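Notes follow the structure.
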Amino acid sequence: YQVILEHTSKDIGQDYLDILKHQTPEFLDASLDLCKQNDELGNADVYEYGEVGLVSPSTLYYMKVASDLKVLFGDNIGDAIAEIGCGYGGQTLVNDQLLDVHSARLFDLPFVNKLIDRYLNAHLLKGAYFTTVINKEESRDYDLVISNYAFSELPKMLQLAYVKKVLAKSKKGYLTMNSGLGNARSTGKLSIHELKQLLPEFKLIEEEPLTANQNYIIVWGHSQDALELHFKSFVI
């Protein structure tokens, strides 16, 4: 399971760190030690990164996602956040430490949720979280929905359930995708053209750094000025 979730290389971690330095340098001040809590449990692979010391590249990735969220959506990302596919809870922990997260609803498989509960309950969070499965949820409004690849890896039938119950009425969205463009990973998944019909109006931006061919990020509810200043448009 560590191989599945914690596979970010040292070099890619340096790319994330470089983005943090110019995008949200404040995350590398007092907040960095809070984020390093993510490396204390689970025998994470950590590397020396100069002035920031020992840290895992996966933690730097979670910080980079949190940085994108702050830049795109501002300090107030909303009270009700949904995260689709949460691994062990690393992104949730980092978001809690860096952003003003009142409540996060975490969607994953039942046995994964047990791991998330065990992991997050080993830390003291500023906000609240709830683990759940899609079958237990009714359609509701969210201020922000995020997903690090997981939504794009679901079969089409399950993607449609998430669209109906979670994504369609979310005010803001940030979905890192690895399917939808007709590549091999897109078989049995919603296409980008179908997503344009089902989701709120969105923009496509490049994944930076690019970790696999045809990866991209879907965003909506964002600041257009921030998008143009900090991100590159993804052209299909």
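The values are calculated or read from the model by the stated rules, or taken from the named source; none is laboratory data. Bear in mind the structure is a predicted one, so any value in this text is a computation, not a measurement. Side chains are part of the model used for accessible areas, which takes the heavy atoms of the whole protein and leaves out ligands, DNA and RNA. Shrake-Rupley method; radii C 1.70, N 1.55, O 1.52, S 1.80 Å.
Take every Cα pair under 8 Å whose residues are at least 6 apart in sequence, average their separation, divide by the length of segment 80-236, and the relative contact order is 19 percent.
For a straight C-alpha distance cut-off of 24 angstrom, the lysines reachable from Lys136 (same-chain residues fewer than eight places away being disregarded) are Lys114, Lys156, Lys164, Lys165, Lys169, Lys171, Lys172, Lys189.
Highest GNM mean-square fluctuation among Leu158, Leu93, Leu167, for the chain modelled with Cα contacts below 10 Å: Leu158.
Rounded to the nearest 5, what is the percent of antiparallel bridges among the DSSP beta bridges in the chain?
Working: 12 of 30 bridges.
Of the beta bridges lying entirely in the chain, close to 40 percent run antiparallel.
Taking every DSSP beta bridge that has both residues in segment 16-147, what percent is antiparallel when rounded to the nearest 5? Mind dumping the intermediate values first?
Details: 2 of 15 bridges.
The answer is about 15 percent antiparallel.
From the P(r) of segment 51-139, can you give the percent of Cα pairs sitting at distances over 21 Å? Roughly 31 percent, once rounded to a whole number.
Where does the chain land at 222 nm, in deg cm²/dmol rounded to the nearest 500, when only DSSP H runs of n ≥ 4 count, each adding -39500 (n - 2.57), divided by all residues? Estimated from H runs of four or more residues: -10000 deg cm²/dmol. Using a probe radius of 1.4 angstrom, the carbon and sulfur fraction of the accessible surface of segment 98-236 is 53%.
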